[in-house]
Structures are given as C-alpha cells and as structure tokens.
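K.L.:
This structure is in structure tokens; I'll ask about it shortly.
Where a number appears in this text, it was derived from the coordinates with a stated rule and is not lab data. Model, not experiment: these values are computed from the prediction. Here the Cβ positions follow ideal geometry from the backbone for every residue, glycine too, while neighbour counts run over all protein chains shown.
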Amino acid sequence: MTETSKSGERPAGAADSEETERFRLALVAGGILFVLAFAVLLLRIQRLDELPIGLHHDEGAHGMDALRVLQGEHAVFFPANNGREGLIVYTIALAVSFLGRTMLALRLPTALASSGTVFVVFWLGRLLFGREDGRPTPWRGLLVGGIGAGLLAVSLGQTIIGRAALRANFLPLLLGLCLFFLWRGWEGRSWWRVALAGACAGLLPYTYLAARFTPFLFLFFGLSFLLPWAKGKARLRAALPWAGIFLGVAGLVAAPILIHFALHPEHFVIRSNQLLILQPDRSQGEPLRALLGNVWAHLLAFGFRGDPNWRHSFAAQPMLRPWETFFFWLGAGLAAGRWQRPAYRLLLIWLAVLLLPAMLARDVLHPNTLRMIGAAPAVYLLTAVGAWEAYSFLRERFFGDSKGIAAIALAFVVSGAVLAQGVRTYRTYFEEWAYRSEVYHEYAVGWVDLIQLLSLQPPDETSVYLIPDGQRHKALEEGFRSPTFEYLYQGAAQVLLFHTAMPDLAQKIESTLAAMKSISTVKVVDWDSRAAWTGDESDRFAVLFGKYGRYLGSDAYGSFRIHNYTDIALDQPWTFYDHLEPLAVYFDGGIALEGIALGQGVEQWSSQQHLDLGRDRTLWMALQWRTESGLDVDYAISLRLYNTEGERSYQRDIVLWKPDHTLTGSGGASELFDTMVQFGFPTDLARGEYELRLVVYSTETQIPTVEIGVWEPELLLARLRLGEGP
C-alpha cells in the first residue's frame, strides 16, 4: 500500500478519473444547454412580432385588460370575456410599458414562459434522476433532463401554443419550478427553497383554469409517502414543519385571488360551461359513456390522434411523433412498475392529475392539448425515461465498460435528433402553419391589416369607417370595441364598430351617423371570410347603404374591401324592409319560411309581381325563418337563378345564422330570425326572363329538406327580368 493511501488520501488516478468525469458532464451539459437555447430562440422568440400574422381574440382581450391596469384599474381576476386570471395581464402590462401597444408586447411574456419551461424541465430531469437509491447517477439525470427538455423545445404543438399570448403557458413553468424547489428543499432540509416552492405554488391560481387541479397533485404525492402507515406516521411527524412552510407561503401568495373568489363565487364558476362533460347538456344523458370517451380520446393524443384546433395544433397531428410515442409508453410502463421510487411516482401522479382538466372538459372525442399543457413536462420526462432505459439496455449489451463514451455518443445522437426535429418544426410552423386559411380565420388577420391601413389615414371629420364585428360582445353604444382593435389601433381616422346581431341595427346606425353632423362619406368594411368571420354582415350593410346612400365604388385590400358611400339620407327612418309578405312554407326538417321582402334601392316590391331589375341588376331580399325548439341541424340555403330553358344560370349559397350569430342547430326555443341577401347579378348573364328559386339543406349532409305537402326541394321565390348590363 502506498504512503498516500495510508494517509487516507485517494489515489491520484482516481482523482484524475473523477475530474475527467466531471469535465465530461460539464461538457455535455453545456452542449445540451446550447442546443436548448438555440432551439427556443429560433422557435419561440424569432419573428414573434410577425407570426402568428394576426391577433387572436383572446390575445386582444388580454391586451385590453393590460391597458386598464396601466390606467390604474387593478384586479386579481378579470371577469370580462369569460374571465381570465391576472398573471398574464400584469406581465403584458409590464411589457407594454417598455415596448408599447405592439404584438410583441402581447406575446413576449408567454413566449418567455414557454421558453423557461424548457430549461426547468432540463433541471428537473437532472434532479429527479441524478440519484438512485442514494448513489449518484449524474449521466442518467443529465440525459433524461436533456432529452425531455429537447423534445419539449422542438415540439410543434408546444411551439404553436408558446408563441401565442395564452395564459396557460405560465402553468407548466410555475408548476415545474415549484416541484424543483420543493424536491431540493425537502431533500436538503432548506427552508428557503421550500418557501420558494410555496411561492410558486401560490402563483398557480393566477395562471390558468387547469391550475385548480394542482392541489390534488401535491396532496396525492404527499399521501403516497405515508404508505405503509407504520412508516408513514414517523414520516408525517418529520414532514409537518416543512409542509407548514410550503402551505403557509403558498396560502399567503394565493390569498388575494382566493379571497376574491370567496367574495365573488360567480367568478370562480364563470367558465363552468366548459366543465364538466358530466353535465346533461354535454353528456347527452350518458355521463359515464361521455367521460370514458373523453378519457380515451385524450390518451390517443399520445401518438394516435391530434387536436383539431389550429390554435393548438397543425392539421390535427398527435401530440407525439411515432418514435416519441414508443418511448413515452415505454417510460410510463416502467414508471408504473417502479411506483415505489418517488421520481417515477411523481411523474405518474403529475401526468394523471394534470390530464384531468382536459378529460373532464366538453371536447368529447377530441383531445385538447391546451388544457393538457400542465401535464406537458411530465409527458416529455416520461418519454426521456423511456429513451434512457432503452439506451441502458443497449449499452449493457454492446458497450460493456465504455459507459462514459456511450453516454457522450448518446448525447450527440440525441442533440442531432432534436436539431433535425427542430428543423422540421421550423419549416412546418414558419412555412406552412402560419399561412393556412384556418389560422387566418383563428387569428383574424384582416383586423391587423385593417388597423395598419387605418393608422396611415389622416384626420378627416367628414368621413367615418363602419366596421362589422362578428364577435358576440356588447354593442358600441355600451362602450364596446373589438379587443384586437382596442389594443392595436391608435390612429386618427374616425371608426365605428357594429355587431349586426344587436337589436334595431338599422335604426342604431342611422341615429349614430345623425349624431355625427359633419359626416358626408361612409366607408363600409367588407371582410374576406378567410380573414375574419362575418356571418351576413356584408349583406346587411349593403342593403342599408344601398337604400340610404349613393355608392361611389370599392377598394380592395386583400383580406377585405372598403365600399364607399356618400349623400347619406338621414331624414327618414332606416329599415331593412317596410313590410314582410307572409309565406308560411313549412319544410320537413323542422324549419319554416314565414315571410319575404324584396326590393331595389329604396323601393320595395311585391314578390307576386314580375320584377324588372333593368340595367342595375341589383336586388335585396329579406327572408324570415322560424325553427322548431331543440333543432339540432345546421341549415344553409341555396338561391338559384334559372333561365326560360330551365338551365341554372346563377347560384349563391348562404349559411343561416340566428340573431345571436349561432347556427340553426344550436337548439333553444322556437324563434324568428331574418336572413338578409344583397344580389349583384353578374354582367355576363344574358338579359331576359328568370326564376329565382330556393333550396334549404343541411350543411353536414348536403341533403335538402322538402316543403311539407308539396314534397319538392325547390321553392319559387320570384320571377324577374334582367336588362342589358351596365
């Protein structure tokens, strides 16, 4: 035995070996962190002020609340627009104070939260799996954390969610931080780490609806240490002081919002229409079957079926790719078999509890990855566990004693795989997803385009822009503006927003314009249906201003057009029609046509007379409908023009919308509602005699319904004559 060894010192070779091992660990950890940083900068932060191109309604609502905060209106919960917790509002307000009222200010806080979650998953993976039965396993912890964080960073679904101003992005970040500090603090008996974990837990109620399930995660994981009870009693006594610190700090931080909900219980249940699937109107009288169907649908999200919502996904792709799916289910199975080990037990409880908000919600047979976001860290860590265990199996078979080299090789292979998948995610998001028509609709791209145009217009007291807004919100007279418009628009042009479902729309527009005494020109925005949902607004405004103004022409701007009118007549009461001719046509599908009105300009004609449209070739029409109670079929109409030879010369199809902008299949009581149609018959139609006929059909099956007693699908509405085109 050497002299150094007799004195108790380690051999120089052993020290050198440990130093080399630490260097390798540091080298691999640095490489992983570099790859993660590169991935989140490229996928979460790059071009954040440009993509998504438009602004989602929820993002605009967050921006409006942030502006109110900057004006001194403070709250912990904002009940407007279905309610939202306050953390996102205050972080956006902070960003706006530095960056102004921009899209970047809206999205940067949540993008940073999504990016931060990636690094938290890395640290949490190292912590949970860096030791095994009291002995250090640094390579396992490093690679489990690195693989889990890498897959999370390049996930297409998490990239789509992370780049939007969605308050859900704060949930996995704060929950991951909470569990990280709680594990470290409990293990090292560090009161300040446990207190920091409590602070993170106290912030969870300020994030997202699904955070209300997190107390069950802490409860179930804590109770799991009390089994068997003989050992559990001693553990309970030892844990009480630390549990007291955690719960005390969490309670203090959460106290403001908890007190708010106690004083305003209606705010706590403001979104209960989305929970539970067990409600009779959601489960269709079979709650157990509906629940099991929802559970199965969300389990299929792990590799088999995707979220159909374009705001969360791309083309309904599953949450995990096929190779990730294999490792996830392998990791989950191994974790279940190793239940007695706390790290595996934590991931399984985390996964089960944070999937509940999605499984109990109303999206029957369709997974909702946004509501699953609280479970995302556990999902990717379990996937990483499966990958590590597969690697361990192969290492024992093929690498023998060269375990360090094998780990380094695995690290580089995983880094390459993450980079390759990141490239695929980059191309899918920046070259495909961002420019799909479904995304244009979800993010109301037309609003941003319009705001940019209006911001360039000089002040003009004689002109006003009239914008139809398809969202169901308070009318303009009650102080409402579109959230997107309210947040982004800072121009000088006069603008009026109207929701066409408001009562007495024609009279309200007339009275509003009359109060603006110097107005001589009205510019009506007509949305492209791809860029913004409009219902039948364009027809309603065209009827009104065609009757009470002089048309000057239109300007096209891609996602919308602007129709210009002058000589607005405000000296007479505005109406869509003067009277309605009764029809009482009953269809066998539970819908009836109660009346009709036809006209051109200010004139209203009888549908019984022969209508001579002359050179103008325009015609307005109002159709009044009644639906049976509880109707569950969405109907559309097809208006068809036939010449004297019986050939179809023109066709226009329109989906039927009720006054509150719901479809006919939304159920409810029997009610009357109008459909407005403005025809501009093509100039290339030959002049002569025509018949205008109507077909009512289901939007889902395309099958027409027929008139009771006649049993024919087509109904003659009017006979008309087209003159020589202009």
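K.L.:
Which one of THR159, LEU354, THR683 is farthest out on the positive end of the charge dipole of the chain, using unit charges on Cβ (Lys, Arg +1; Asp, Glu -1) and the Cα centre as origin?
P.N.:
LEU354
K.L.:
Select from PRO458, GLY141, ASN309 the residue farthest towards the positive end of the dipole of the chain; place +1 on Cβ of Lys and Arg, -1 on Cβ of Asp and Glu, and compute about the Cα centre.
P.N.:
So the residue furthest toward the plus end is GLY141.
K.L.:
Sticking with this structure for a sec: In which sequence would VAL76, VAL118 go, from the one with the fewest C-beta neighbours within 10 Å to the one with the most?
P.N.:
Starting with the residue having the fewest Cβ neighbours, the order is VAL76, VAL118.
K.L.:
In addition: Which of ASP526, ASP571 has the fewest other C-beta atoms within 10 Å, and how do the rest follow up to the most?
P.N.:
Ordered from fewest to most neighbouring Cβ atoms within 10 Å, ASP526, ASP571 come out as ASP571, ASP526.
K.L.:
Calculate the spin-label point distance for THR462 paired with ARG47, positioning each point 7 Å from the Cα along the beta-carbon direction, and give it in nanometres.
P.N.:
Here the modelled spin labels are 4.3 nm apart.
K.L.:
Semi-axes of the equivalent ellipsoid for the chain, please: Cα gyration tensor eigenvalues, times 5, square-rooted, ordered largest first, whole Å.
P.N.:
In descending order the semi-axes read 60, 27, 25 Å.
K.L.:
Just to check I understand the Karplus step: with θ = phi - 60° and J = 6.51 cos²θ - 1.76 cosθ + 1.60, what whole-Hz values come out for the range 553-564, glycine and proline as x?
P.N.:
x, 10, 10, 9, 10, x, 8, 7, 10, 10, 9, 9
K.L.:
Taking every DSSP beta bridge that has both residues in the chain, what percent is antiparallel when rounded to the nearest 5?
P.N.:
Close to 85 percent.
K.L.:
Hey, got the dipole for the range 124-208? About the Cα centre, +1 on K and R Cβ, -1 on D and E Cβ, debye to the nearest 20?
P.N.:
Around 120 debye, computed over the range 124-208.
K.L.:
In debye to the nearest 20, how big a dipole does the chain give about its Cα centre with +1 on each Lys and Arg Cβ and -1 on each Asp and Glu Cβ?
P.N.:
Its charge dipole is roughly 4320 debye.
K.L.:
Turning to a different aspect of this structure: In deg cm²/dmol and to the nearest 500, what is the mean residue ellipticity at 222 nm of the chain if only DSSP H runs of at least 4 residues count, each as -39500 (n - 2.57), divided by the residue total?
P.N.:
Taken over the chain, the calculation gives -15000 deg cm²/dmol.
K.L.:
Can you give me the angle between helix 376-398 and the longest principal axis of the chain, using Cα atoms only, in degrees from 0 to 90, rounded to the nearest 10?
P.N.:
With both axes taken from Cα atoms, the answer is about 50 degrees.
K.L.:
If you don't mind, another one. Per the Kirkwood definition applied to all pairs of different Cα atoms, how many angstroms is the hydrodynamic radius of the range 23-437?
P.N.:
That comes to 22.2 Å for the range 23-437.
K.L.:
Pop a pseudo-label 7 angstrom from the Cα along the beta-carbon direction at both TRP711 and THR618 and give the gap in nm to one decimal.
P.N.:
For the pair TRP711/THR618, the computed spacing is 4.4 nm.
K.L.:
Moving on. With unit charges on the beta carbons (Lys and Arg positive, Asp and Glu negative) and the dipole taken about the Cα centre of the chain, which residue among SER520, ALA26, TYR551 sits farthest to the positive side?
P.N.:
Of the candidates, ALA26 comes out farthest on the positive side.
K.L.:
Averaging the inverse of every distinct alpha carbon separation and then flipping it gives the Kirkwood radius. What is it for the range 581-722, in angstrom units?
P.N.:
15.7 Å
K.L.:
Aspartates and glutamates near LYS547 by alpha-carbon distance under 14 Å, same-chain residues fewer than 8 away left out - which ones?
P.N.:
The qualifying aspartates and glutamates are GLU510, ASP539, ASP567, ASP571, ASP578, GLU603, ASP616.
K.L.:
A further question follows. What angle do you read, to the nearest 10 degrees and between 0 and 90, between the alpha-carbon axis of helix 537-548 and the longest principal axis of the chain?
P.N.:
Roughly 30 degrees between the two axes.
K.L.:
Nothing charged except the Cβ atoms of Lys and Arg (+1) and of Asp and Glu (-1): what's the magnitude of the dipole of the range 23-437 about its Cα centre? Round to the nearest 20 debye.
P.N.:
That gives the range 23-437 a dipole magnitude of about 1020 debye.
K.L.:
Follow-up. Report the extension gain between ARG550 and GLU486 in nm, rounded to one decimal, defined as 0.36 nm multiplied by the number of residues separating them, less their alpha carbon distance.
P.N.:
20.0 nm
K.L.:
Can you tell me the 0 to 90 degree angle between the C-alpha axis of helix 86-99 and the longest principal axis of the chain, rounded to 10?
P.N.:
Value to nearest ten degrees: 80.
K.L.:
List HIS264, HIS298 from most exposed to least, where exposure is judged by having the fewest other Cβ atoms within 10 Å.
P.N.:
Ascending Cβ contact count within 10 Å gives the list HIS264, HIS298.
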